[in-house]
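Structure record follows, encoded as structure tokens.
The values are calculated or read from the model by the stated rules, or taken from the named source; none is laboratory data. No experiment lies behind these values; they were computed from the predicted model shown. With ideal geometry, Cβ positions are generated from the backbone for all residues, glycine too; neighbour counts draw on all protein chains shown. We work out accessible area using only protein heavy atoms, side chains counted, and drop any ligands, DNA or RNA first. Shrake-Rupley method; radii C 1.70, N 1.55, O 1.52, S 1.80 Å.
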Amino acid sequence: MNIRRLKSFITIVDMGSITRAADALHIAQPALSQQLVALEEHFKRQLLIRSQQGVVPTEAGKVLYGHANAMLRQFGQAEVDVLSAGQLLSGRVSIGLAPFSAAANLAVPLLNEMRLRHPGILLHLVESVGQAYSELIANGRLEMALLHGRGGIKGLHYEPLLEESFCLVARADVAFDADDGGIRVNQLAGLPLLLPPAYNFVRRAIDEAFYQHHQSLNVIGELEAVNSIARAVYAGLGCTIMPKAIAEQIQVGSPNVVIRTIRAPVISQTLSLCISDRTPLSEPAAAVRELLLELTAGLTSLV
């Protein structure tokens, strides 16, 4: 087993095809197949399932894929550390920021502070609804993420940072009864709602609150981007329910938008910092983690 074979294996899994991987790596397909055979002989396990549609990793292959990504990242960081010994911290650090959360507001402050404190560190920021950050960390594709949830996933460590309460966001001309600045879930049942897809953690919290109070959601649209939801609210197409930080972000874009606190029950989600508990963070990644914790602590009073 060597670095070149691990890189080839990762490319095969990412491409889902030995032929496409060979083209991407600019090597002959038989030579690439020989590298794969060598890996399978080394581990004494079948790593890929081959079919006419392409290849997919076996359970053993999935395990190797995660370790291979982590090892290659560490190898790359080792090269950077050796070359920059005695100099400023440098290297590439990949971070996921949950888009429907207070974490979404940290991208610019994080980039700005990193430029000031550690200009040699290259940040790779991922803000995606469709990808499971926990899975990307387990696979070694991300080093850390700010995401919703408290954990319970083998191989991952969750550090709860703050609790995000949810609010109703609507145009001021939307008619609904509310008192003391708050609104109950049963008062929201008839409102046309624009929400994230069902697999999103924000949506799960909303679904659970309505289910527990025997209320039905009137969802008229599922959107994967905050900006799209905001534009639909501005246009009067419907309302939305969002964590407070995102609700305020939407409100800033229009003077006709109001925010109402939701109570009975309070809907909320825990924002946590997630890292692998199997692969230690590099020195640059550790510096990024400390900065993330510092910036998140500044959000506590705003959530």
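Restricting segment 173-199 to residues that are out of contact with any helix residue (DSSP H, G or I) (no Cβ under 9 Å at 6 or more places or on another chain) and at pLDDT 90 or above, the residue that is surrounded by the most Cβ atoms within 10 Å (Cβ to Cβ) is Leu191. The number of residues in segment 221-237 being closer than 16 Å to Ala172 by Cα and in a loop (DSSP other than H, G, I, E, B) comes to 3. On the stretch given as segment 5-22, residues that are open to solvent by 40 Å² or more (accessible area, probe 1.4 Å) and within 22 Å of Arg141 (Cα to Cα) total 5. Taking first residues from segment 242-267 that are farther than 17 Å from Val226 by Cα and partners that are open to solvent by 50 Å² or more (accessible area, probe 1.4 Å) and not in a strand (DSSP E or B), the Cβ contacts under 6 Å between residues at least 6 apart in sequence or on separate chains come to Asn256/Ala172. The residue of segment 98-111 that is nearest to Lys7 (Cα to Cα), among those that are surrounded by 19 or more Cβ atoms within 10 Å (Cβ to Cβ) and small (Gly, Ala, Ser), is Ala98. The residue list Gly54, Gly91 contains one member that is surrounded by 15 or more Cβ atoms within 10 Å (Cβ to Cβ), free of Cβ contacts under 8 Å to residues at least 40 places away in the same chain and on the phi > 0 side of the Ramachandran plot, which is Gly54.
Got a sec? Which of Thr270, Thr279, Thr296, Thr240 is within 28 Å of Glu135 (Cβ to Cβ), crowded, with 17+ Cβ neighbours inside 10 Å and at pLDDT below 90? Spell out how you get there, then give the answer.
Details: Thr270 fails: at pLDDT below 90; Thr296 fails: at pLDDT below 90; Thr240 fails: at pLDDT below 90.
Only one candidate qualifies: Thr279.
Quick test for you: out of Ala31, Ala60, Ala107, pick the one residue that is closer than 23 Å to Ile121 by Cα and either part of a helix (DSSP H, G or I) or in contact with a strand residue (DSSP E or B) (Cβ under 6 Å, 6 or more places away or on another chain) (or both). None of the others qualify; the one that does is Ala107.
Across segment 243-267, what is the number of residues that are open to solvent by 40 Å² or more (accessible area, probe 1.4 Å) and either in a strand (DSSP E or B) or more than 20 Å from Arg150 (Cβ to Cβ) (or both)?
Residues of segment 243-267 open to solvent by 40 Å² or more (accessible area, probe 1.4 Å): 244, 248-249, 251-253, 255-256, 258-261, 263-264, 266.
Subset that is either in a strand (DSSP E or B) or more than 20 Å from Arg150 (Cβ to Cβ) (or both): 248-249, 251-253, 255-256, 258-261, 263-264.
Qualifying residue count for the region: 13.
Kindly check whether there is at least one residue in segment 193-209 that is farther than 30 Å from Ser276 by Cβ, part of a helix (DSSP H, G or I) and not polar (S, T, N, Q). So far as segment 193-209 goes, yes, one or more of its residues are farther than 30 Å from Ser276 by Cβ, part of a helix (DSSP H, G or I) and not polar (S, T, N, Q). Only one entry in Thr296, Thr279 is in a helix (DSSP H, G or I), in contact (Cβ under 8 Å) with a residue 40 or more places away in the chain and on the phi < 0 side of the Ramachandran plot, namely Thr296.
Table: residues versus (1) surrounded by fewer than 20 Cβ atoms within 10 Å (Cβ to Cβ); (2) at pLDDT below 90; (3) not basic (Lys, Arg).
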| site | (1), (2), (3) |
| --- | --- |
| Gly76 | yes, yes, yes |
| Gly96 | no, no, yes |
| Glu113 | yes, no, yes |
| Val126 | yes, no, yes |
| Tyr133 | no, no, yes |
| Ala138 | no, yes, yes |
| Met144 | no, no, yes |
| Leu147 | no, no, yes |
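Pairs under 9 Å by beta carbon, first residue closer than 16 Å to Ala104 by Cβ and assigned to a strand (DSSP E or B) in segment 130-159, partner charged (D, E, K, R) and open to solvent by less than 30 Å² (accessible area, probe 1.4 Å), six or more apart or different chains? Within 9 Å, the pairs are His148/Glu164.
Per the listing Leu39, Leu72, Leu25, the residue uniquely buried (at least 20 other Cβ atoms within 10 Å of the Cβ) and aliphatic (A, V, I, L, M) is Leu39.
Screening Ser165 on (1) under 21 Å from Glu222 (Cα atoms); (2) open to solvent by less than 20 Å² (accessible area, probe 1.4 Å); (3) assigned to a strand (DSSP E or B) shows it passes everything except condition (2).
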